[in-house]
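Below you'll find the structure, written out as structure tokens, and then a few comments.
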Amino acid sequence: MTGINHIEAPLIGINRHRMGIDGNGVTTLVAFHGCPLRCRYCLNPQCNHASGIGQILTPEMLLEQVKIDNLYFLSTDGGICFGGGEPCLRSQFISEFCQLADPRWRITLETSLNVERRHLQTLLPFVSQWIIDVKDMNPDIYHAYTRRSNRRVTGNLRWLAKQGVADNCLIRLPLIPEYNTKAAVVSSRHILLEMGFTHFDEFEYIV
């Protein structure tokens, strides 16, 4: 396929044989370097440090590494989960990887959705499940925690709902110490329900 050999992406790591964390079945987590947010309690702070790059791969090189678990993927309805960092920033890489991979693999995306719409348009045909970490729907709380605006997040959520994939989205609603409250989480859930989202993962950050 034209151009695939010229695409590379930096990764912070590849984690095999994950169960019940990153989508259905046996899953391999592919974590990209780079993120638009600057969250205080970031799980992978190395994603924004130059020293955090573990390896740089092309789509073909990634496929060679992950296809070893093909039988596990097919027998458990599993596949690849792209995370990071922010995987949507590598939408072209993911698109071309998916065109090379077994189409029976489930593709899961763990994302903040704080990206330009064009990335979602590229990814939509390939993603089986979206795991969306919205932090909080209140723009002031979101900005205080991430140091970024949530305008794109809100717009992209509405766009995904209009594409008819709300049932394929799991929305993460964390209780964030020092930043939001249980009432704020309830408010976020109400806003998202009105948008058409019904699957939520509510939990508390342990800091």
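Extension gain residue 68-residue 38, at 0.36 nm per residue separation less the Cα-Cα distance, in nm?
Length difference between fully extended and current span is 7.4 nm.
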If you place +1 on the Cβ of every Lys and Arg and -1 on the Cβ of every Asp and Glu, how big does the dipole about the Cα centre of the chain come out, in debye to the nearest 20? 480
Proximal lysines to residue 135, defined as alpha-carbon separation beneath 30 angstrom and excluding residues fewer than eight positions away on the same chain: 162, 182
D (Stokes-Einstein, µm²/s), Kirkwood Cα radius, the range 41-117, 1.002 mPa s at 20 °C: 156
Ratio for the chain, C-alpha Rg to 2.2 N^0.38 Å, reads 1.00
Spin-label point model (7 Å from Cα, Cβ direction): what's the residue 60 to residue 186 distance in nm? 5.7
Quick one: which residues, 5 or more positions from residue 131 or on another chain, have an amide H under 5 Å from its amide H? H modelled 1.01 Å from N in the peptide plane, none for Pro or chain starts. 109, 110, 111, 170
Just how many % of Cα pairs in the range 118-207 lie over 23 Å apart, if you round to the nearest whole percent? 21
R0 = 41 Å: FRET efficiency of residue 193 with residue 15, Cβ-based, nearest 0.05? 0.80
I'd like the antiparallel share, as a percent to the nearest 5, of DSSP beta bridges with both residues in the chain. 30
What is the Cα centroid distance between the range 3-73 and the range 121-182, reported in whole angstrom? 20
Measuring from the longest principal axis of the C-alpha atoms of the chain, the long axis of helix 182-195 (C-alpha) lies at a number of degrees, nearest 10, equal to 60
Under 15 Å from a point placed 7 Å out from the Cα of residue 201 along the Cα-to-Cβ direction: which residues of the range 22-48 have their backbone N that close? 22-31, 43-44
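Per DSSP helix of 4 or more residues, -39500 (n - 2.57); summed, then divided by the residues of the chain. What does that give at 222 nm, rounded to the nearest 500?
The helix contribution divided over the chain gives -9000 deg cm²/dmol.
Each value in this text was obtained by applying a stated rule to the coordinates, not by laboratory testing. As the structure is a prediction and not an experimental result, all values here were calculated from the model. Neighbour counts run over all protein chains shown; Cβ positions are idealised from the backbone, glycine included.
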